[in-house]
Amino acid sequence: MAQLWLYGPSVATFMDNSSPTPSVAAHGKFFTSGGRKFFLKAMRLETGPDALDFNERLRLQIRLQELKEAHTTGLVVNGPQAETVLDFAGQLGLGAMLEIAIDPEELVDRSRLRTVTSRVSRTATLFRGHRGVAGYLLDLRADQYWLKTQGVDRIRHRLRDLLRTIKEHDGSVLVAIRHRPETRALTLFEEDLIYSSVGAVGLSELRNYILSLHNIAEARPVVVEFEQPSPAQDEQVACAFALGAAGVVAGPTRPAPRPDLLQVRRLTADELLPFVTLNGACPPKLPQAPMVTVVICAYDAERTMRPCLESLRTLDYPNYEVVIVDDGSRDRTAEIAMDFPEFRLIRQPNKGLSEARNVGMHAARGEIIAYTDSDCVVDPHWLALMVRAMVENQFDACGGPNYAPAEESRVAACVAASPGAPCHVLTAEDRAEHLAGCNMLFRKSLLLKLGGFDPQFTAAGDDVDICWRALDAGAVLGFCPAAFVWHFRRNTIKAYYHQQRGYGRAEAMLYFKYPQRFNTLGQIIWKGRIPGLARTLPGGGRKRVMWATGSRAFFQTIYEREQGLLKFLPQTLEWNLAAIFILAISIAAGWTMLPALAMLAMGPIWALHYGWQAQIEKRHACFNSRVMVAALSYSGPMTRALTRYRLRLRGAWSVRTGADRAPRQRATIDWRARGLRLAYWNERWTPREALLDRLVKLFARRGRPVIVDQGWNDHDLEVRPDAWTRIEIKTADEEHEGGRLKNHVLARVRLSAMTSLPLIAMAIATCATAWWGLPTLALALCELTMVGAAFALSELIESARLAHSAIEQCAAELELIPLGKPTAAARRAAAAAAERTIGDPGRKPSSQQGLIAENRPTD
């Protein structure tokens with residue numbers, strides 16, 4: 001059973017339990033303090049000497065008390081201030097980040113590097129367990145030109161060592177680096193939070209920058225510091241918290257003068273306290289809160305149902321309802337839901353996830369429908385942040401991230417860190433191509449327009465389908481990186497493999513519906529990026545940095561390198577099968593097995609890299625755990641691919657033609673075009689578009705993926721009847737007088753890349769072995785190639801028959817008159833019609849029957 005908690009236990013604990021200063025911990029995108037959510041509203045103090053007399057210490061204590069009364073919850077102090085300020089901060093319950101200044105040259109000179117390492121170690125040792133220290137902040141004041149000259153990777157390595165030094169001496173506190181817009185390429189995954197300072201920027205630039213920080217931080221809090229006070233300080237602070245920042249740090253301000261009773265004086269920017277306007281409300285309240293319906297679809301969710309509903313009960317949003325759809329659960333799911341009478345419960349027989357989502361959609365009273373799963377625990381500000389993003393940016397739908405919570409079991413923790421969890425796909429910092437089904441919001445009008453969720457997706461794939469249909473309809477999918485949910489992963493290895501098989505089935509079903517969105521190996525082609533995915537691949541952790549110059553220095557861009565199919569090949573089933581095939585040839589031919597073994601070893605190497613990069617909970621992060629994660633990351637995609645292929649092949653072999661009627665005309669074989677030609681006549685002006693539309697619907701009913709060309713290829717439709725062949729259908733209209741048309745259809749049959757490439761490889765291997773004087777192996781490869789060629793030829797013939805029957809059926813439905821030579825079945829039908837006409841002189845043959853009789857070839 002996973003450890004169910006919203007905030008806590010903390011990872012930063014003070015030694016003095018009697019201290020009023022609560023512990024501060026990073027928990028998801030926010031902080032916790034004393035088991036409750038905590039927003040860091042910190043300030044810097046005026047620089048002063050570390051040795052103060054009695055009066056100065058008294059003024060400092062009064063000043064800190066005033067700041068606390070003005071909703072300040074923390075401080076950022078530097079070395080000279082530490083001794084005095086930290087004592088007062090601990091007494092008043094203000095958490096302080098202790099800043100350690102580092103000169104850039106100290107990181108590149110070896111002797112000075114030892115000195116700064118010693119200084120950092122000494123500082124961490126000196127303040128270890130101090131009741132006022134919440135964390136340490138490394139301040140590297142470097143510009144991007146120096147960073148570009150010295151090398152990002154080199155400086156990142158040195159900073160990583162300093163962070164580890166602090167953790168070795170005081171592992172109970174938070175550690176971070178003070179980043180700046182022009183040097184944020186130095187962000188490290190070893191930081192407990194992402195801390196960045198910004199200068200004087202507009203609200204639009206500030207918004208884009210904070211969103212980029214969120215996506216860099218992933219499952220860590222973001223803290224923003226405004227270096228200089230400004231008249232727009234209130235708007236900047238509100239903007240940062242509204243975008244999900246866990247903390248804001250303001251620059252030093254002067255105490256406001258105390259005027260006489262009747263004296264009126266306007267405060268200057270450097271006298272304004274930054275957090276007074278918020279009045280303690282974080283994030284700021286929405287001016288208008290539209291009605292939101294939260295839909296929970298549950299099936300045998302007894303294990304996680306109660307914490308899910310308890311988290312929904314504590315949502316900080318003024319206008320929402322919760323609808324629970326129990327999809328035929330056999331355990332205590334409905335009984336637990338009844339303990340929450342303020343929520344509506346709908347019970348139905350088991351119909352699948354999509355049907356349950358549609359039931360919740362129709363029962364919703366809100367104009368926005370939020371979907372999360374019964375195995376999720378939501379953040380209290382989940383709806384507030386997400387709805388604000390939808391309203392302010394006019395998104396039609398919006399989603400957020402999901403993170404795995406703490407797990408008691410080591411196996412459950414390893415499964416949670418393994419690949420295959422639901423994730424989002426981003427096309428920009430706040431735009432998405434795909435939203436995870438456990439954390440997504442839609443406008444109800446959009447769902448009704450799309451017709452709801454597709455019922456064929458009973459367990460997975462429904463979220464991908466609805467997002468693609470929304471994008472095709474012109475909707476805008478947004479992303480709010482701070483609106484997260486805790487999503488419990490599968491807690492056993494058996495359940496993990498069951499989940500991967502379910503994803504494989506969903507991918508096969510999506511392939512039949514959207515073949516154009518899949519590559520040759522049957523994997524989804526995402527146009528966007530999956531955050532954090534590159535880090536799991538060898539060599540993929542390095543980020544690209546777009547160095548800006550001049551006035552655009554603020555807009556330095558950092559993005560992950562594109563991860564094409566080649567990066568993932570060693571983890572695919574196809575790569576491993578090819579390696580085994582090459583290994584078998586090498587053994588049979590007596591060649592060296594090193595190339596084949598190297599290919600075969602790349603899969604486990606990729607998996608081991610993932611295991612070592614995976615974010616496993618610290619208490620479970622041992623050698624055995626990482627080996628377990630590596631094994632799951634190797635076998636999970638294989639299980640997924642096997643299921644995907646099994647379902648695709650099953651769909652390909654079932655009902656190869658499925659024609660409702662026999663073809664009426666023989667197809668003319670065009671050997672040059674490697675296709676079949678058919679022609680039709682009609683006097684009702686039935687254009688080729690009508691025939692193409694019928695073909696698309698017919699193949700869709702038969703489960704054959706169809707790609708409609710957008711004008712870039714020399715065909716109108718591409719049909720994928722199976723994994724081995726492709727059918728390209730090309731049409732043309734020949735206009736005649738009197739509104740009559742002659743429709744020409746060409747169906748070209750081709751081998752798919754999955755078929756042609758192995759055949760070419762085997763043919764080349766046959767020739768190579770014969771050239772090298774290995775007749776036995778050459779003969780074996782030749783026979784194997786001939787068997788493969790025969791199989792490919794049979795598949796081409798079957799696909800040609802499928803194309804012929806499908807075109808003929810659609811033409812008959814449109815009452816198009818065939819112009820080719822009649823088939824034997826058409827002759828018999830014409831003869832029978834003629835006999836019926838003779839028996840009934842008043843009855844005339846139909847135009848189609850008459851034309852077939854006229855075109856009957858003479859003996």
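Please treat every number below as a calculation from the coordinates, not as lab data. All values derive from a computational prediction rather than experimental measurement. Every residue, glycine as well, gets a Cβ built from its backbone with ideal geometry; the counts of neighbours run over all protein chains shown.
Of all DSSP beta bridges in the chain, what percent run antiparallel (nearest 5)? The partial results should precede the final answer.
Values: 61 of 118 bridges.
Looking only at bridges with both residues in the chain, the antiparallel portion is about 50 percent.
Show me the ranking of peptides 582-595, 523-536 by mean Cβ neighbours inside 10 Å, starting with the highest.
Put in order of decreasing packing, that is 523-536, 582-595.
Show me 157-164, 33-40, 485-492, 56-63 ranked by packing, highest mean number of other Cβ atoms within 10 Å first.
Output ranking for 157-164, 33-40, 485-492, 56-63: 485-492, 33-40, 157-164, 56-63.
Quick one: if you stick a label point 7 Å off each Cα along the C-beta vector at residue 827 and residue 161, how many nm between them?
Going by the 7 Å Cα→Cβ label model, 9.0 nm.
Quick one: compute the contact order of the chain, relative version, from alpha carbon pairs under 8 angstrom and 6+ residues apart, as a percent. Intermediate results must be reported in sequence, preceding the final value.
On the way: 1614 pairs, mean separation 71.0, N = 859.
Averaging sequence separation for qualifying contacts and normalising by length gives 8 percent for the chain.
With contacts defined as alpha carbon pairs under 8 Å and 6 or more residues apart, what's the relative contact order of the stretch 44-149 in percent?
Details: 117 pairs, mean separation 29.4, N = 106.
The normalised contact order for the stretch 44-149 reaches 28 percent.
Of the cross-linked pairs 567/618; 41/444; 167/285; 351/513; 730/821, which ones have a Cα-Cα span greater than 32 Å in the structure shown? Walk me through the numbers on the way to the answer.
Numbers: 567/618 29 Å; 41/444 37 Å; 167/285 38 Å; 351/513 21 Å; 730/821 21 Å.
Beyond 32 Å between Cα atoms: 41/444; 167/285.
Can you tell me the alpha carbon radius of gyration of the stretch 318-405 divided by the globular rule-of-thumb value 2.2 N^0.38 Å? Walk me through the numbers on the way to the answer.
On the way: Rg = 14.2 Å, N = 88, 2.2 N^0.38 = 12.1 Å.
Compactness ratio reported: 1.17.
Using 7 Å Cα-to-Cβ label points, what is the residue 790/residue 742 separation (nm, one decimal)?
4.3
Relative contact order (percent) for the stretch 319-442, with alpha-carbon contacts under 8 angstrom and 6 or more residues of separation? If you can, show how the numbers build up before the last one.
Details: 130 pairs, mean separation 30.2, N = 124.
The value is 24 percent.
Go through 373-380, 441-448 and give me the packing order, highest mean Cβ count within 10 Å leading. Numbers along the way, then the final one.
Working: 373-380: 23.1, 441-448: 19.6.
Top of the packing list down: 373-380, 441-448.
Would you mind computing, in nm to one decimal, how far apart the modelled labels at residue 601 and residue 708 are, each placed 7 Å from Cα along Cα→Cβ?
Here the answer is 5.2 nm between the modelled labels.
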